[in-house]
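The values are calculated or read from the model by the stated rules, or taken from the named source; none is laboratory data. If you're wondering where the values come from, they're calculated on a predicted model, not measured in any experiment. Quick reminder, even Gly has a Cβ in these numbers, built from the backbone with ideal geometry, and neighbours come from all protein chains shown.
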Amino acid sequence: MSEEIGELIKEISEKSGKSEEEITTLIKAKIEKFKGLLTEQGAAFMVQKELGLKQDVSVESKVGELTDGMKNIELKGIVKSVFPVKEFDRNGKAGKLQSFILEDDTASVRATLWNDQIDQQELTTGSEIQINNCIVTSYNDKKQVSLGFNGTIDILNKKEITFEKINNLKGGMNGINVVGRLLRKFPCKEFDSNDRKGKLCNFQFGDESALLRATAWNEKADEVQGLREGDVIEIKNGYTKDGMFGVELHLGYNAELTPSTNEMPGVTEILKEQVKEKKINGLVENENVLIKATVKELLPGNFYFNACEKCGKKVDGNICDSCGEVKGEKRAVISALVEDDTGEIKTNLFSASALKLLDWTQEDLETKTSETSNEKLLEEINETIKGKDVSLFGYNKMNSYSNENEFSVKEVL
């Protein structure tokens with residue numbers, strides 16, 4: 001039984017003089033009579049009506065006038081922030097919630113939607129809405145609201161989501177939406193300062209207009225870890241600060257980070273001002289460069305790993321640490337030894353870059369790795385790939401296990 005139904009039963013009991021047990025029995029009888037076609041809320045409403053009880057008339061209120069315990073309140077305001085949907089499991093029952101901040105000319109308040117309420121409309125930052133029949137409660141001495149029985153939300157003036165170009169960003173902006181390529185991920189760091197523990201991941205992000213440094217905090221840091229360099233992503237509800245090297249984009253609790261199908265220039269096009277061509281023996285660590293080489297051989301190993309189709313993280317079976325139960329999908333991963341006239345180096349390629357070097361489609365990856373053993377595939381590929389001339393854009397890094405240089409490929413040209 002949900003909290004809302006429990007509150008409604010208590011209210012009907014107090015007004016009718018019947019016990020809560022009697023009201024619960026009447027509700028169950030209604031549900032049984034309609035053979036599952038009636039929800040618990042609908043049954044409670046029918047019982048309330050048959051007992052001659054009417055819903056209180058909604059009262060219009062300002063946010064600043066709200067007090068704990070108020071019911072049947074009507075609020076109007078602007079959506080200032082929309083937080084990501086959270087899934088939970090309580091007593092073996094799955095559910096989800098989503099919060100947002102509503103503001104009018106007197107104050108702001110956090111509002112929460114539960115389960116099916118979330119799917120009834122898509123809330124966007126900046127939209128003007130009206131909440132009908134809401135309940136006011138208090139948590140940690142802060143007022144909050146939720147939809148009451150038969151509560152609804154009307155969107156009076158919807159603010160469409162717009163994406164900024166990176167070169168238009170300035171420090172001190174909130175509610176920022178941008179789309180671009182994840183160009184480079186840096187190692188995540190954990191911190192413990194002033195009784196605060198957390199995690200942050202810095203990454204380089206860019207579109208056709210500019211580049212910037214971005215920082216993802218805590219849960220968002222985990223999401224960045226699950227993405228691949230070169231992926232096109234949408235970031236919603238970020239905020240900016242002025243940093244040592246210009247404007248920085250930050251992803252806090254209410255930010256959303258999702259893969260995008262938007263058209264976006266390739267990595268080398270975005271980084272064209274920084275791209276240098278080098279020989280293998282001239283590579284230095286962490287420098288973005290272009291190397292022109294010949295494939296010597298494809299190295300043994302798995303041709304794919306299983307990833308979450310939602311966040312891109314590696315999954316064990318069908319369970320993602322961030323998204324729960326998922327279908328899972330194959331992501332290509334290969335290593336190849338390449339050489340030029342100065343030396344040779346091991347290269348690592350993922351997803352689109354790996355498929356491009358193999359001249360495979362995603363469907364080829366699914367089919368070939370299901371029907372042919374790794375050893376046989378390696379043999380077949382090496383017969384055709386040896387001696388292939390390639391241009392690879394990426395950066396050199398030291399493998400912490402082997403202490404050898406490896407070239408991490410961002411794009412195959």
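Identify, from the list I161, I135, I153, I129, the residue that is more than 26 Å from Q48 (Cα to Cα), among the β-branched types (V, I, T) and surrounded by 17 or more Cβ atoms within 10 Å (Cβ to Cβ).
Testing whether each residue is more than 26 Å from Q48 (Cα to Cα), among the β-branched types (V, I, T) and surrounded by 17 or more Cβ atoms within 10 Å (Cβ to Cβ) leaves just I129.
When you check K410 against the structure, is it farther than 20 Å from F303 by Cα and outside any helix (DSSP H, G or I), yes or no?
So K410 fails the test.
Filter segment 66-90 for residues that are farther than 30 Å from T258 by Cα and either of a type in the set (A, V, I, L, M, F, W, C) or exposed (fewer than 14 other Cβ atoms within 10 Å of the Cβ) (or both) and give the result.
Those that are farther than 30 Å from T258 by Cα and either of a type in the set (A, V, I, L, M, F, W, C) or exposed (fewer than 14 other Cβ atoms within 10 Å of the Cβ) (or both): L66, T67, D68, G69, M70, I73, L75.
Kindly indicate whether F393 is under 30 Å from P84 (Cα atoms), touching a residue at least 40 places away in the same chain (Cβ under 8 Å) and not basic (K, R).
No.
Applying the selection to segment 119-140, what residues are touching a Leu at 6+ places or on another chain (Cβ under 9 Å) and in a strand (DSSP E or B)?
E128, I129, Q130, I131, N132, N133, C134, I135, V136
Just one of the numbered conditions (1) surrounded by fewer than 18 Cβ atoms within 10 Å (Cβ to Cβ); (2) in the same structural domain as T258 (by TED's automatic domain parsing); (3) touching a helix residue (DSSP H, G or I) at 6+ places or on another chain (Cβ under 8 Å); (4) not aliphatic (A, V, I, L, M) is not true of R181; which one?
(1)
Sort through L257, L212, L227 and tell me the only one that's at negative phi, surrounded by 15 or more Cβ atoms within 10 Å (Cβ to Cβ) and assigned to a loop (DSSP other than H, G, I, E, B).
Among L257, L212, L227, only L227 is at negative phi, surrounded by 15 or more Cβ atoms within 10 Å (Cβ to Cβ) and assigned to a loop (DSSP other than H, G, I, E, B).
Scan segment 4-26 and report the pairs whose first residue is under 15 Å from E50 (Cα atoms) and whose second residue is exposed (fewer than 13 other Cβ atoms within 10 Å of the Cβ) and not β-branched (V, I, T), with Cβ atoms within less than 9 Å and a gap of 6+ or a chain change.
I9/M1; S13/S19; S13/E21; S16/G52; I23/K10; T24/M1; L26/E50
Give me the helices (runs of 4 or more DSSP H) completely within segment 1-118, filtered to those with at least 2 residues that are modelled with pLDDT under 80 and within 30 Å of E325 (Cβ to Cβ), ordered by residue number.
Ranges flagged: 3-16, 40-50.
Residues that are free of Cβ contacts under 8 Å to residues at least 60 places away in the same chain and under 27 Å from F186 (Cβ atoms): does segment 338-347 have at least one?
No; the residues of segment 338-347 include none that is free of Cβ contacts under 8 Å to residues at least 60 places away in the same chain and under 27 Å from F186 (Cβ atoms).
Suppose we filter I153, I131, I176, I118 for residues that are of a type outside the set (S, T, Y), under 18 Å from the mean Cα position of the chain (by Cα) and not assigned by TED's automatic domain parsing to the domain that holds D222; which single one remains?
None of the others qualify; the one that does is I118.
Scan segment 392-413 residue by residue and report those that are polar (S, T, N, Q) and either touching a His at 6+ places or on another chain (Cβ under 9 Å) or surrounded by 11 or more Cβ atoms within 10 Å (Cβ to Cβ) (or both).
Residues satisfying the conditions are N396, N399, N405, S408.
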